[in-house]
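Heads up: the structure comes next, in structure tokens.
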Amino acid sequence: MTQTQDSDRSAVDLSRWETETREVTWALPGQGDLEALAQLDGLGQLRAIEEGLMPPPPVMATIDVCGFRAERGSVTVQLRAQSFHYNPLGVVHGGMIATLLDTAAGCSVHSTLAVGEGYTSLDLTTKFLRPVTLDTGLVTCVGTVISRGRRTALAEARLTDEAGRVLAHATSSCMIFG
């Protein structure tokens, strides 16, 4: 599916401002061999997406994720800061940063799931430490499982710039079911 957003759909008249247009294309959810996917553990499912055997979730296209790597208990997500990520203060919106942190933390828990298990996030506690701007460039978010029990898991995620400075940090509790 492709969606183009322009000033005709905006609640604000942008005609007097310099604008950019962005076209987003994503694969509709529910495609691929879902029966085969259900036979994989969590890491296998994430690697199927990573290797292009299953389509990535639409949110990855929406925010323009440019890198994804999964290992058991850890997931790395990368994104290049862009102007459409900005808030009115001239920095990347905290919601974009929280989305990256939630993705990395949640997917790190996903990577530990056995066949037939699922999970959902219960909370996300986020700390924004440094502003992220276009000049920040590529940011890397690494999620790691801190503790994995039978019914709950605790994960953390760290967002860093190319120099390794921590820009934001989050912890997430997840409920495991199945």
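The values are calculated or read from the model by the stated rules, or taken from the named source; none is laboratory data. Computed from a predicted structure; not experimentally measured. Glycine also receives a Cβ, built like all others from the backbone with ideal geometry; neighbour counts cover every protein chain displayed.
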Hey, does the range 130-139 have a residue that's under 25 Å from Leu40 (Cβ atoms), of a type in the set (Val, Ile, Thr) and within 18 Å of the chain's Cα centre (by Cα)?
no
Using the structure shown, decide if Arg9 is exposed (fewer than 15 other Cβ atoms within 10 Å of the Cβ), over 29 Å from Asp161 (Cα atoms), of a type in the set (Lys, Arg) and modelled with pLDDT under 95.
yes
The number of residues in the range 20-59 that are in a strand (DSSP E or B) and under 22 Å from Gly116 (Cβ atoms) is 0
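Please state which one of Leu89, Leu113 is part of a loop (DSSP other than H, G, I, E, B), without any contact (Cβ under 8 Å) to a residue 24 or more places away in the chain and not β-branched (Val, Ile, Thr).
Details: Leu113 fails: without any contact (Cβ under 8 Å) to a residue 24 or more places away in the chain.
Exactly one of Leu89, Leu113 is part of a loop (DSSP other than H, G, I, E, B), without any contact (Cβ under 8 Å) to a residue 24 or more places away in the chain and not β-branched (Val, Ile, Thr), namely Leu89.
Could you say whether any residue in the range 100-115 is surrounded by fewer than 16 Cβ atoms within 10 Å (Cβ to Cβ) and modelled with pLDDT of 95 or more?
Among the residues of the range 100-115, at least one is surrounded by fewer than 16 Cβ atoms within 10 Å (Cβ to Cβ) and modelled with pLDDT of 95 or more, which makes the answer yes.
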Could you please give the count of residues in the range 60-86 that are in a helix (DSSP H, G or I) and either out of contact with any Leu (no Cβ under 9 Å at 6 or more places or on another chain) or within 29 Å of Arg151 (Cα to Cα) (or both)?
4
Output yes when any residue across the range 96-108 is over 12 Å from the mean Cα position of the chain (by Cα) and of a type in the set (Val, Ile, Thr), and no when none is.
no
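Here is a yes/no grid of residues against (1) surrounded by 10 or more Cβ atoms within 10 Å (Cβ to Cβ); (2) under 22 Å from Val139 (Cα atoms); (3) among the charged types (D, E, K, R); (4) at pLDDT below 95:
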| site | (1), (2), (3), (4) |
| --- | --- |
| Leu28 | no, no, no, yes |
| Asp41 | yes, no, yes, no |
| Glu51 | no, yes, yes, yes |
| Phe68 | yes, yes, no, no |
| Glu71 | yes, yes, yes, no |
| Ala81 | yes, yes, no, no |
| Asn87 | yes, yes, no, no |
| Gly94 | yes, yes, no, no |
Checking Ala157, Ala153 in turn, the sole residue that is more than 17 Å from the chain's Cα centre (by Cα), part of a strand (DSSP E or B) and either surrounded by 15 or more Cβ atoms within 10 Å (Cβ to Cβ) or of a type in the set (Phe, Trp, Tyr) (or both) turns out to be Ala153
Are there any pairs, at least 6 apart or on different chains, whose C-beta atoms fall under 6 Å, with the first in the range 6-23 and closer than 18 Å to Thr62 by Cα and the second surrounded by 10 or more Cβ atoms within 10 Å (Cβ to Cβ) and at pLDDT 90 or above, and if so, which?
Arg22/Phe84
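Would you confirm whether or not the range 92-102 contains a residue that is at positive phi and touching a helix residue (DSSP H, G or I) at 6+ places or on another chain (Cβ under 7 Å)?
no
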